[in-house]
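Written below as structure tokens is the structure these notes are about.
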Amino acid sequence: MALYYFHIVNGSDIIEDELGTECPDNADIRQLAIEGAREVVAEAVKTGTPANLDQMYRVVGPSGKVVCEVPFREAVSVNQRT
């Protein structure tokens with residue numbers, strides 16, 4: 001198991017994941033970030049607050065290097081009425 005940090009980036013603001021998440025060594029970290037982004041957006045929808053699709057997850061691995069970045073906009077599908 002390795003510890004990964006799923007930081008939320010919104011422009012120049014960063015909400016740091018100070019606890020981290022233990023993930024199996026063979027985990028698909030990008031897929032976990034996509035699922036996490038979907039959960040954040042879903043929670044916003046449930047509570048009636050605007051979902052900020054301009055945010056992204058920046059995942060940092062055990063070595064301190066960025067493993068992947070997942071924009072929330074790419075994690076969800078939104079149909080807009082015209």
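The values are calculated or read from the model by the stated rules, or taken from the named source; none is laboratory data. Note that the structure is predicted; figures quoted are calculated from it, not measured. Quick reminder, even Gly has a Cβ in these numbers, built from the backbone with ideal geometry, and neighbours come from all protein chains shown.
Sort through E43, E18, E22, E69 and tell me the only one that's without any contact (Cβ under 8 Å) to a residue 24 or more places away in the chain, in a strand (DSSP E or B) and not polar (S, T, N, Q). Step through it out loud before you land on a result.
Working: E43 fails: in a strand (DSSP E or B); E18 fails: in a strand (DSSP E or B); E69 fails: without any contact (Cβ under 8 Å) to a residue 24 or more places away in the chain.
After ruling out the rest, the residue left standing is E22.
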*Of all the residues that make up region 46-66, how many are at pLDDT 95 or above, part of a loop (DSSP other than H, G, I, E, B) and either in contact with a helix residue (DSSP H, G or I) (Cβ under 6 Å, 6 or more places away or on another chain) or among the hydroxyl-bearing types (S, T, Y) (or both)?*
1
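Quick check on region 26-69: of everything there that is closer than 15 Å to A2 by Cβ and β-branched (V, I, T), which residue is surrounded by the most Cβ atoms within 10 Å (Cβ to Cβ)?
Initially, region 26-69 is screened for residues closer than 15 Å to A2 by Cβ, giving 26-30, 32-33, 59-68.
Going one step further and asking which of them are β-branched (V, I, T), we end up with 29, 59-60, 66-67.
On the way: I29: 18, V59: 22, V60: 18, V66: 12, V67: 16.
Checked region 26-69; the qualifying residue surrounded by the most Cβ atoms within 10 Å (Cβ to Cβ) is V59.
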*Give the residues of region 8-25 that are farther than 24 Å from S77 by Cβ, within 13 Å of the chain's Cα centre (by Cα), surrounded by fewer than 17 Cβ atoms within 10 Å (Cβ to Cβ) and not hydrophobic (A, V, I, L, M, F, W, C), sorted by residue number.*
E16, G20, T21
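Every residue in region 46-66 that is over 30 Å from D25 (Cβ atoms) and without any contact (Cβ under 8 Å) to a residue 40 or more places away in the chain, please.
Taking region 46-66 and keeping what is over 30 Å from D25 (Cβ atoms), we get 46-54.
K46, T47, G48, T49, P50, A51, L53 - these are the residues of region 46-66 that are over 30 Å from D25 (Cβ atoms) and without any contact (Cβ under 8 Å) to a residue 40 or more places away in the chain.
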